[in-house]
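> Can you keep this structure in mind? I'll have questions shortly.
Each value in this text was obtained by applying a stated rule to the coordinates, not by laboratory testing. None of these values were measured; they are calculated from a predicted model. Cβ: placed from backbone, ideal geometry, glycine included. Neighbour counts: every protein chain shown.
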Amino acid sequence: MDFTVALAQIKPKLGCLDDNMALAEAAIEKGVAAGADLVVFPELALTGYFLKDLVPEVALRLDSPQMEKLKKLSERISIAIGFVEVSTDFRFFNSAVYLEGGEIRHVHRKVYLPTYGLFDEQRYMARGERFRAFDTRFGRIGMLICEDMWHLSAPYILAMDGAMTLICLSSSPGRGVTESEGLGSAAAWQKLTTTTAMFLNCRVFYCNRVGYEDGINFWGGSEAISPSGEMTDRGAILEEDFVLAKVDGGALRRERIFSPMMRDENLAITVKELKRIDREKGC
Amino acid sequence: MGGLTVNTKLLRQILVGFVRDEVYKVGVRKGVLGLSGGIDSALVAYIAAEALGPENVHAYCMPYRTSNPESEAHARLVAESLGINFKVIEITPMIDAYFTLTPDADNMRRGNKMARERMTILYDHSAAVGGLVLGTSNKTELLLGYGTLHGDMASALNPIGDIYKSQVWALSEAMEVPREVIEKKPSADLWAGQTDEQELGFTYREADELLYRMVDQRMSREELVAAGFDAQFIDNVHKKVQGSHFKRRLPIIAKVSNRTIDRDFRYARDWGK
């Protein structure tokens, strides 16, 4: 099916749930008005990124009033959005929720929490433990949060689980100003999103935030990538934007006929070899 | 050298966006800075004028009686080119009054006192006009510790603290800072005839080439020697970086509670913004 995805390239306020909920609602309304079927937000869209000790203060339960509000809104448009999730045993996760038809369809808890360089996520958050694809009205989808996508196995698992659309919610800090035209971090991501789409014959929707937190910029540049690895739509660099990308449903079918790598992918060999490696490493 | 060459268009966009975003989110619209007549503060003035509008930038030139008159002329030239607010505030009376108490003070003490006098004036004017103090220390001098703690190193925001002096030159060219300011020898202008490079014992270009590899690329001492850097120069610069690290940190606090500020009480400065 053809559909329209909106990539809400917003600028959340650090630690301000109410303001960010208002931003999200405005973007959802904009998406509905523009005839979008799905709206994708960045990682931690409801909270901001460098939360540090604010993590417990901005965390939401899945039965929180904010989540109820998002459920209600998802009766009109499907929504993928990032937030801090608190579990019943008080672990805090960097999570993404997918809502559709008034219900939560899936929650992905970020597995790969970067804790190096300027990142400090694992100090404050608990690690997710699974990658699962899930069914939606746009077919089977897999969600990744930022660093997750830098681990080859993550999109691979989702694709093997039947995902034909990968949604990546991101808060990627801009760095690496060299003589090149773009930022180093932007160039690396652009390579990653297009290559991942091409390897797995999947569409990729990448939504990255903008704004500054303590001097660190987030570069935006949200993208829709076709299953052949072509970037079809891209948001502004370093500026707020609202990208409306028309998705040609037939492109996926055509790509999977043209280069049937997913059909030929041998899960049994992969599993067998990984088990052997696991055994030999004595894990 | 590839690594120090920057895309000035992109750099400009990030730094202008930084000043605008970080000033506005505090709830003010103005920036305050000291304009020395040198290139670093000139560049910050250009960035601030583009970010906030020239009418919202307040620049102060604060000469002492031994300051080179050319410095004030260059500061004025920058202010006039941009159409920003400009005022000259002499610090001679305050400095001289203080040093009548300790007339034997050496150049370093005098220079530091002047830098801190200027800081208090900028912070006072920041309250007077309702703006944030913009820092003008570049990455080279921050790493070398070539600045006065709580003096010229003090600010609310620093747009150029992550760019080396060579990159300051390149961006200044791109933003059309007056040629006289770009081409003159860098000087702290604390006493007559002082130049940074003479005092440091090496040129900024040499320091930048080394610091970029040492800090940004994390090359080992062996790799730096193999790349052609003089071992003594490497050690000298490394010692300066390590020895001045205290200037780049907040004061350390004796820990006694479970939540000590900045140790296990951690929030971004943009908390709630």
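> Where Rh is the Kirkwood radius over the Cα pairs of the stretch B:12-53, the temperature 37 °C and the viscosity 0.692 mPa s, what D in µm²/s does Stokes-Einstein return?
Stokes-Einstein gives a translational diffusion coefficient of 314 µm²/s.
> Continuing with this model, one more query. Describe numerically, in nm with one decimal, the distance between label points set 7 Å from Cα along Cα→Cβ at residue A:63 and at residue B:225.
6.7
> Restricting to DSSP loop positions (anything but H, G, I, E, B) with no more than 10 other Cβ atoms inside 10 Å of their own Cβ, which trypsin sites (Lys or Arg not before Pro) remain in the stretch A:130-209? Kindly include the intermediate steps, with their values, before the conclusion.
Working: sites: A:130, A:132, A:137, A:140, A:175, A:191, A:203, A:209; in loops: A:130, A:132, A:175, A:209.
Listed in order of number, the matching sites are A:130.
> With an 8 Å cut-off on Cα pairs and a minimum separation of 6 or more residues, tell me the relative contact order of the stretch B:2-195 in percent. Display every interim value, and only then the final one.
On the way: 324 pairs, mean separation 52.6, N = 194.
With pairs under 8 Å counted, the relative contact order is 27 percent.
> Separate question: What is the dipole size for the protein assembly as shown, taken about its Cα centre, with +1 at each Lys and Arg Cβ and -1 at each Asp and Glu Cβ, in debye to the nearest 20?
Working: 68 positive and 76 negative charges, 278 e Å.
For the protein assembly as shown, the charge dipole is close to 1340 debye.
> Now for a different question. At 37 °C and 0.692 mPa s, grab the translational diffusion coefficient of the stretch B:53-161 from Stokes-Einstein with a Kirkwood Rh over Cα pairs, rounded to a whole number in µm² per second. Provide the component values of the computation, followed by the final result.
Details: Rh = 15.0 Å.
Answer from the Stokes-Einstein relation: 219 µm²/s.
> With unit charges on the beta carbon (Lys/Arg positive, Asp/Glu negative), name the residue among A:244, A:165, A:47 whose Cα is farthest towards the positive pole of the charge dipole of the stretch A:3-257.
A:165
> Let me know the mean shielding of B:259-272 by other chains, meaning the per-residue number of their Cβ atoms within 10 Å of its Cβ.
Details: counts 1, 0, 0, 0, 0, 1, 2, 8, 9, 13, 5, 11, 11, 7.
Whole-number average of other-chain Cβ neighbours for B:259-272 is 5.
> Evaluate the Kirkwood expression for the hydrodynamic radius of the stretch B:2-195, namely the inverse of the mean inverse distance over all pairs of different C-alpha atoms, and round to one decimal in Å. Don't skip to the end; give the middle numbers.
On the way: mean 1/r = 0.0597 Å⁻¹.
For the stretch B:2-195, the Kirkwood estimate is 16.7 Å.
> Moving to a separate point now. Can you tell me the alpha carbon radius of gyration of the protein assembly as shown divided by the globular rule-of-thumb value 2.2 N^0.38 Å? Each step should come with its number before you reach the end.
Values: Rg = 26.9 Å, N = 556, 2.2 N^0.38 = 24.3 Å.
Against the compact-globule rule of thumb, the ratio is 1.11.
> Just going by the charge dipole of the stretch A:115-236, with Lys and Arg at +1 and Asp and Glu at -1 on Cβ, which of A:207, A:189, A:138 is farthest out on the positive end?
Final value for the positive-end residue is A:138.
> Helix-derived [θ] at 222 nm for the protein assembly as shown: sum -39500 (n - 2.57) over DSSP H runs of at least 4, divide by residue count, nearest 500? Write down the numbers at each step before the final one.
Numbers: 21 runs with 217 residues, N = 556.
Result for the protein assembly as shown: -11500 deg cm²/dmol, rounded to the nearest 500.
> Find which of B:250, B:49, B:93 sits farthest along the positive direction of the dipole of chain B, computed with +1 on the beta-carbon of Lys and Arg, -1 on that of Asp and Glu, about the Cα centre.
Highest projection toward the positive end goes to B:250.
> Using a Debye calculation, one point per C-alpha and no hydration shell, please list log10 I(q)/I(0) for the stretch A:2-89 at q = 0.14, 0.22 Å⁻¹ in order.
With one equal scatterer per Cα and no solvent, log10 I(q)/I(0) is -0.46, -1.05.
> Also, I was wondering about something else. Take the Cα coordinates of the stretch B:183-273, assign each an equal point scatterer, and use the Debye formula without solvent to give log10 I(q)/I(0) at q = 0.16, 0.21, 0.24 Å⁻¹.
Summing over Cα pairs of the stretch B:183-273 leads to -0.86, -1.02, -1.19.
> Within the stretch B:147-188, list the GluC sites (Glu not before Pro) lying in a DSSP loop whose Cβ has at most 15 other Cβ atoms in a 10 Å radius. It would help to have the intermediate numbers written out before the result.
Working: sites: B:173, B:176, B:180, B:183; in loops: B:176.
Qualifying residues, ordered by number: B:176.
> Ok, one more. Of the listed peptides A:224-230, B:252-258, what is their order by residue-averaged count of other C-beta atoms within 10 Å, with the highest listed first? Before the final figure, lay out the partial values.
On the way: A:224-230: 21.1, B:252-258: 8.7.
The most tightly packed comes first, giving A:224-230, B:252-258.
> Next question, about the same structure. Evaluate the Kirkwood expression for the hydrodynamic radius of chain A, namely the inverse of the mean inverse distance over all pairs of different C-alpha atoms, and round to one decimal in Å. Before the final figure, lay out each step's value.
On the way: mean 1/r = 0.0527 Å⁻¹.
Mean inverse Cα-Cα distance, inverted, gives 19.0 Å.
> Which of the GluC sites (Glu not before Pro) found in the stretch A:60-94 are in a DSSP loop and have at most 16 neighbouring Cβ atoms, other than their own, within 10 Å? Mind showing how you got there, number by number?
Working: sites: A:68, A:75, A:85; in loops: A:75.
In loop regions of the stretch A:60-94 (DSSP not H, G, I, E or B), the sparsely surrounded GluC sites (Glu not before Pro) are A:75.
> I would also like to ask the following. So if I take the centroid of the Cα atoms in the stretch A:97-128 and the same for the stretch B:201-273, what is the distance between those two points in Å?
Spelled out, the Cα-based centre of one part sits 32 Å from the other.
> Let me spell out the model: positive unit charges on the Cβ of Lys and Arg, negative unit charges on the Cβ of Asp and Glu, origin at the Cα centre of the stretch A:3-257. What dipole size does that give, in debye rounded to 20? Before the final figure, lay out the partial values.
Details: 28 positive and 34 negative charges, 137 e Å.
In total the dipole reaches around 660 debye.
> Give me the inter-chain shielding for A:174-180: mean count of other chain Cβ atoms within 10 Å, whole number please.
Details: counts 3, 2, 1, 14, 8, 9, 4.
Shielding by partners across A:174-180 averages 6.
> Shifting gears a bit: Kindly point out which whole DSSP H helices in chain B project their C-alpha atoms 30 angstrom or further along the helix axis while averaging a Kyte-Doolittle hydropathy of 0.0 or above. Mind showing how you got there, number by number?
On the way: long enough: B:107-129 (33 Å, -0.81).
For chain B, where a helix must reach 30 Å along its axis and average at least 0.0, there are no hits.
> Also, quick follow-up: Along each principal axis of its Cα atoms, how long is the stretch B:1-97 end to end? Whole angstroms, biggest number first, please.
44, 40, 24
> Output the Cα-based Rg and Dmax of the stretch A:229-283 in Å, rounding Rg to one decimal and Dmax to a whole number.
19.5, 49
> Only Cα pairs within less than 10 Å get springs; with that Gaussian network setup on chain B, which residue of B:245, B:74, B:58 has the largest fluctuation?
With Cα springs under 10 Å in chain B, the top fluctuation among B:245, B:74, B:58 is at B:245.
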